[in-house]
Amino acid sequence: MSIQPSLPDDRTVLPVTSGEAGQRLDRYLASVLSDMSRTSIQQLIAGGAVLVNG
């Protein structure tokens, strides 16, 4: 599957609870975005498509 950058209006906000805080970003995202593989999520993170506190 090829990953394309998200458009600015194609955003998803995922609040993190105190119980989820502290875990690796890719693992957290894989747990809440179950339809995506962790490899795909890691590629999005590396490509700058994931913002934290942004």
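Observations, loosely collected:
- Filter result for Ala21 (surrounded by fewer than 10 Cβ atoms within 10 Å (Cβ to Cβ) and among the aliphatic types (A, V, I, L, M)): yes
- Single unsatisfied condition, Thr12 versus (1) at pLDDT below 90; (2) over 15 Å from Asn53 (Cα atoms): (2)
- Pairs, first without any contact (Cβ under 8 Å) to a residue 40 or more places away in the chain in segment 24-37, second part of a helix (DSSP H, G or I) and of a type in the set (S, T, N, Q), C-beta under 8 Å, six or more apart: Asp26/Gln42
The values are calculated or read from the model by the stated rules, or taken from the named source; none is laboratory data. Nothing here was measured: the structure is a model prediction, and the numbers come from that model. We place every Cβ from the backbone using ideal geometry, glycine too, and count neighbours over all the protein chains shown.
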